[in-house]
Every structure is written in C-alpha cells, then in structure tokens.
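S.K.: Have a look at the structure that comes next, please.
The values are calculated or read from the model by the stated rules, or taken from the named source; none is laboratory data. Note that the structure is predicted; figures quoted are calculated from it, not measured. Here the Cβ positions follow ideal geometry from the backbone for every residue, glycine too, while neighbour counts run over all protein chains shown.
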Amino acid sequence: MAHEHVSPNHSSDRSDEGTGTVPIKVILFVLVFAAFVMMLNETTLAVALPSIMDDYDITATTAQWLLTGFMLTMAVVMPATGWILERFSTRSVFIFATVIFLVGTIIAAIAPTFIIMLLARVAQAVGTAIIMPLLMTVTMTVVPIEIRGSVMGLISVVMAVAPALGPSVAGFVLNFTTWHGIFWVMVPLVFLAALVGIMWLTNVGETKKAPLDFLSVILSALAFGGLIFGVSSIGAIRIGGPTAELAIVLFITGLISLALFVWRQIALGRTDRALLDLRPLRYRNYTLSILVLLFLFGAMLGVLNTLPLYLQGSLLVTALTSGLVLLPGGLFEGFISPFVGRIYDRVGPRPLIIPGMILSVGTLFAFATVDENTSRGFIIALHVIFSGGLGLLFTPLMTTALSSVPRTLYSHGSAILNTLQQLAGAAGTAVMISIFDTVTAESLANGANEVVAQADGANSAFFASALTACVALVLSFFVTKPKQDIDVTELVAE
C-alpha cells in the first residue's frame with residue numbers, strides 16, 4: 001500500500017504542515033523521544049558492570065558483551081533497515097521497534113542469569129537498530145534543506161548526548177537500588193513513547209513491494225556479526241584458548257562474507273533490488289563524512305566505556321559519582337547541539353568540524369596524562385571540552401553525509417551510516433577495554449598496586465583513542481558543503 005509522500009523540497013514556511021492532520025513537529029518529536037530513550041539505554045550499563053560482574057560471577061571480558069553484544073546486534077539488523085523502511089509503513093516500523101524494545105527491557109530487569117540478560121539486550125538492540133534509521137529517513141524526507149541542520153541538531157542530541165548521559169542516569173539509579181532498577185526506569189518511558197506513537201504517528205513517504213533477498217540477509221549477518229564478534233574478542237584472542245580460535249575463525253568468515261555481501265549488493269543495486277543499496281558510497285562527500293564519523297564514534301565510545309572503569313578502579317569513586325562526573329559534559333553537548341545546527345544552516349560544515357576535531361583530539365591527548373592522583377575537577381573539565389568538540393561535529397557530519405546523496409537513497413544512506421557507526425563503536429569499545437585490561441595486568445605483574453595499575457591502563461586506552469581521532473582530524477579537512485538536494489539522475493554524473 002502506498003502512503004502519502006511528503007516532499008523534502010517544501011519551503012521552510014511549510015515545514016510544519018505535516019502529513020495528514022499531524023504536524024511534522026509532532027512526528028519528529030515522537031521519533032526523537034523514542035530514539036533518545038533507546039540510545040540512553042545503550043550506555044547505562046557501563047557504570048553498573050562491576051555490580052553485574054559480582055551478581056553473575058563473571059569477568060570484565062564476559063560482562064562487556066552486554067555492551068558490545070548490543071552493538072553487534074545493531075550492526076547485524078541495520079543493513080536490513082533500508083529495505084524495511086521501503087517495504088513497511090512508518091507506523092508499523094515504529095510500533096514494532098518500540099514493542100520489541102519494551103519486551104527486552106522487562107526481561108532484562110528480571111533476568112536470573114547472564115545469558116537471559118544478554119538475550120534481552122539483543123531484543124533491545126533490535127528496536128534501537130530500527131528506530132535510528134527511521135528517525136533519520138523521516139527527517140531527511142520531510143525537512144527542507146535550508147533548516148535541515150537545525151533539525152539534525154536534535155538528532156545529534158539523541159546520537160551523542162543520550163549515550164553520554166547513560167552513565168549519569170545509571171549512577172543516579174544505582175545510588176538508590178540495584179542494577180535491575182536501571183531497566184525498570186526505562187519501562188514507563190518506552191511504554192509512553194509507544195503509546196504516543198500509536199496515537200499520533202502517521203505514515204511518511206511511500207512504501208513499495210521490494211523483494212527480500214534472503215542470501216543478502218545471511219551474508220549481512222555473517223559479515224557484520226563475524227566482524228564485530230572478532231573485534232569484540234580482542235581480549236580473548238590476547239589470552240588464547242578455544243574462544244580465541246572461534247573469534248579468529250568468525251572474523252575471517254566476516255571478512256569473506258563482507259566481500260560477498262558487497263559484491264551481491266552492487267549486482268542487485270543495478271535492478272533496484274539490493275538489501276542495502278551501496279550507491280551512496282559513490283558520493284565522495286558522503287563517504288568522507290562517514291569515515292570521519294566512524295573514527296570519531298569509535299574513539300568516543302572507547303572513552304565513555306573506559307572512563308567509568310578508571311574512575312571507580314583508580315580514583316575509587318562510587319558509581320553515582322562516576323556518572324555525575326560525566327553529567328556536565330553530556331548536558332553541555334545537548335545544550336549546544338541545536339545551536340550548532342542553526343550555524344551549520346548558515347555557514348556549512350567546515351567552520352564547525354575542523355575546530356571540533358582539534359578540540360576533541362587535544363582533550364583526548366590530555367586524557368592520556370591521567371594517573372591515580374588526577375583530580376575529579378580535571379576529569380570533568382576535560383570531559384566538558386571533549387563534549388563541546390563532539391557537539392560541533394555530529395550535526396554537521398550527519399547532515400552533510402545524508403544531504404550529499406539523492407532523496408531516493410536516504411533510507412539506505414542512513415542504514416549504511418548507522419551500520420558502520422555501530423561497527424566502529426564496537427571496535428572502539430573492545431579495543432580500548434582490551435588495552436585497559438592488558439596494560440593493567442602488565443602493571444600489576446611489574447609490582448604496581450591495583451589503583452596505579454588501572455590508571456596506567458586507562459591513560460594507555462585514552463592515548464589509543466587520541467591516535468584514532470587523529471585520523472578523523474586529517475579526513476575532516478576534505479569534507480565540503482553539500483550543494484543542494486541531489487536529484488537521482490546526478491548519480492550517473494558523479
């Protein structure tokens with residue numbers, strides 16, 4: 001069934017007309033609120049890992065699967081979201097995403113074993129994987145290009161600020177109850193989002209009877225699942241044993257499957273039947289913006305998931321204090337992101353992303369100097385500056401990337417962006433935590449006490465994040481301002 005199509009070429013004075021009788025602002029609010037809750041959930045467990053490790057009697061390497069397993073699932077599901085958004089209506093996709101997330105959240109709250117909790121996190125990840133591309137695609141479809149940066153600024157709050165606030169929210173909850181309470185807090189929020197969506201959300205864009213290529217689905221799962229499992233098992237590979245052998249085999253399988261997946265998508269794309277249309281990657285500005293985002297996101301999540309370990313293990317603060325240390329930076333980034341979007345609409349990406357990258361790289365190198373005597377005030381100041389740099393980056397990069405492809409490829413462009421971003425996030429988290437564990441173990445073996453050893457592990461992980469961000473800094477100099485909404489016929493020209 002085809003639904004009413006809202007053209008992205010409306011002038012700005014018509015941007016509130018909406019679809020049917022529902023204003024566009026209401027549609028975007030519903031999607032932004034749901035996405036914010038889901039992305040907030042992604043990092044809430046970071047400060048709760050020590051408690052979860054004690055309850056289930058598991059190691060840090062095993063516990064990190066609650067974080068990387070979440071991102072692994074998202075990376076497996078997201079390649080199919082381009083097809084999902086073309087095949088099913090906005091309402092259907094939204095309701096499915098929120099309901100499966102809600103079910104997963106309830107199961108996680110009452111999970112008696114680690115395996116059940118991990119499966120619940122998988123269900124949460126499925127809902128999150130669908131909601132983010134849905135939000136981006138609807139935004140790019142209904143919002144005119146002259147105010148697109150301002151609206152994408154709100155999405156930046158979801159993608160960057162929500163994960164940053166996750167540890168703060170979790171730390172606050174843990175001060176009053178156990179880690180189970182983190183999930184119970186999410187339940188009414190997700191239920192409210194689902195209820196509001198059912199009442200107010202209308203369909204945006206057109207659906208079509210696109211055939212599902214099952215071979216592409218299988219190759220996608222093997223490719224992205226194998227790659228993320230491999231990079232997430234760096235710690236196990238370092239130690240050796242059966243798990244290491246399995247991780248190496250799956251990583252190689254992932255590489256081979258990725259090559260086959262890309263080949264098949266290119267072939268199917270010629271007849272408009274690809275599960276994930278890769279044609280957006282033919283646009284230089286899109287690809288450059290994506291690469292900057294990937295290196296940046298990997299560095300960011302690596303830092304956000306390592307900081308609580310350092311704060312609690314080396315500075316010996318509580319889970320609540322650990323979350324509160326990260327709160328000012330998250331709030332600051334949330335405050336400036338909408339303003340950055342407005343500035344982007346006037347000046348374009350480069351005056352924002354180059355200073356933002358310099359700030360981010362500089363603060364990451366400063367993080368690499370921390371030790372067991374570093375003051376909390378210094379950490380808070382660095383995190384605020386780092387968050388300010390991120391605030392200058394996410395809106396311009398996302399808006400530039402998606403504005404550089406034809407309107408007919410928005411859903412696939414957002415699917416590619418979100419898929420690769422999760423792959424980068426999983427890699428960044430796994431690599432930084434592995435570096436943290438490795439250096440900590442070496443310091444302990446050399447006679448250092450636990451507090452000093454964990455500080456050594458943290459500053460080594462932060463230094464690796466800084467080097468990763470340097471790659472993004474170099475690439476950022478080549479990102480340019482999109483000319484205008486691109487017509488599909490320009491695909492051949494480029």
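S.K.: Any residue at all in segment 256-274 that is under 21 Å from the mean Cα position of the chain (by Cα), modelled with pLDDT of 85 or more and crowded, with 20+ Cβ neighbours inside 10 Å?
M.R.: Within segment 256-274, not a single residue is under 21 Å from the mean Cα position of the chain (by Cα), modelled with pLDDT of 85 or more and crowded, with 20+ Cβ neighbours inside 10 Å.
S.K.: Okay, moving on. Among the residues of segment 71-92 satisfying the criterion of being β-branched (Val, Ile, Thr) and modelled with pLDDT under 85, which is surrounded by the most Cβ atoms within 10 Å (Cβ to Cβ)?
M.R.: For segment 71-92, the residue satisfying everything is Thr81.
S.K.: Continuing with the same structure: Anything in segment 374-408 that is in a loop (DSSP other than H, G, I, E, B) and either basic (Lys, Arg) or within 23 Å of the chain's Cα centre (by Cα) (or both)? List them, or say none.
M.R.: Passing the criteria: Leu392, Leu393, Ser404, Val405.
Matching residues to (1) crowded, with 21+ Cβ neighbours inside 10 Å; (2) out of contact with any Pro (no Cβ under 9 Å at 6 or more places or on another chain); (3) assigned to a helix (DSSP H, G or I):
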| site | (1), (2), (3) |
| --- | --- |
| Leu165 | yes, yes, yes |
| Val173 | yes, yes, yes |
| Phe176 | no, yes, no |
| Phe191 | no, yes, yes |
| Met199 | no, yes, yes |
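S.K.: Take Gly104 and decide whether it is free of Cβ contacts under 8 Å to residues at least 24 places away in the same chain and surrounded by 24 or more Cβ atoms within 10 Å (Cβ to Cβ).
M.R.: yes
S.K.: Same structure, new question: Restricting to segment 427-485, count the residues that are touching a residue at least 12 places away in the same chain (Cβ under 8 Å), in a loop (DSSP other than H, G, I, E, B) and not β-branched (Val, Ile, Thr).
M.R.: Of the residues in segment 427-485, 6 are touching a residue at least 12 places away in the same chain (Cβ under 8 Å), in a loop (DSSP other than H, G, I, E, B) and not β-branched (Val, Ile, Thr).
S.K.: Out of (1) modelled with pLDDT of 80 or more; (2) assigned to a helix (DSSP H, G or I); (3) surrounded by fewer than 21 Cβ atoms within 10 Å (Cβ to Cβ), the odd one out for Pro112 is which?
M.R.: Result: Pro112 passes all but (2).
S.K.: Still on this structure: So how many residues does segment 360-373 have that are aliphatic (A, V, I, L, M) and in a helix (DSSP H, G or I)?
M.R.: Selection size over segment 360-373: 3.
S.K.: Right, here's the next one. Take segment 440-494 and flag every residue that is modelled with pLDDT under 85 and buried (at least 19 other Cβ atoms within 10 Å of the Cβ).
M.R.: Pro482, Ile486
S.K.: Let me ask something additional. Say whether the condition of being at pLDDT 90 or above, buried (at least 22 other Cβ atoms within 10 Å of the Cβ) and either among the basic types (Lys, Arg) or over 21 Å from the mean Cα position of the chain (by Cα) (or both) is met by at least one residue in segment 117-134.
M.R.: So far as segment 117-134 goes, yes, one or more of its residues are at pLDDT 90 or above, buried (at least 22 other Cβ atoms within 10 Å of the Cβ) and either among the basic types (Lys, Arg) or over 21 Å from the mean Cα position of the chain (by Cα) (or both).
For (1) modelled with pLDDT under 90; (2) closer than 28 Å to Leu475 by Cβ; (3) among the aliphatic types (A, V, I, L, M), each residue gets a yes or a no:
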{"site": "Gln312", "(1), (2), (3)": "yes, no, no"}
{"site": "Thr321", "(1), (2), (3)": "yes, no, no"}
{"site": "Val325", "(1), (2), (3)": "yes, no, yes"}
{"site": "Gly330", "(1), (2), (3)": "yes, yes, no"}
{"site": "Gly341", "(1), (2), (3)": "yes, yes, no"}
{"site": "Ile354", "(1), (2), (3)": "no, yes, yes"}
{"site": "Ser360", "(1), (2), (3)": "no, yes, no"}
{"site": "Asp371", "(1), (2), (3)": "yes, no, no"}
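S.K.: Further question on the same structure: Out of Ile145, Ile95, which single residue is modelled with pLDDT of 90 or more, more than 15 Å from the chain's Cα centre (by Cα) and not hydroxyl-bearing (Ser, Thr, Tyr)?
M.R.: Among Ile145, Ile95, only Ile95 is modelled with pLDDT of 90 or more, more than 15 Å from the chain's Cα centre (by Cα) and not hydroxyl-bearing (Ser, Thr, Tyr).
S.K.: Out of Ser337, Ser289, which single residue is modelled with pLDDT under 85 and polar (S, T, N, Q)?
M.R.: Ser337
S.K.: Follow-up question, since we're still on this one. Give all pairs with beta carbons closer than 7 Å in which a residue from segment 412-426 that is assigned to a helix (DSSP H, G or I) meets a residue that is among the polar types (S, T, N, Q); count only pairs at least 6 apart in sequence or on separate chains.
M.R.: Going by the 7 Å Cβ cut-off, the qualifying pairs are Ser414/Thr137; Ala415/Thr81; Ala426/Thr68; Ala426/Ser232.
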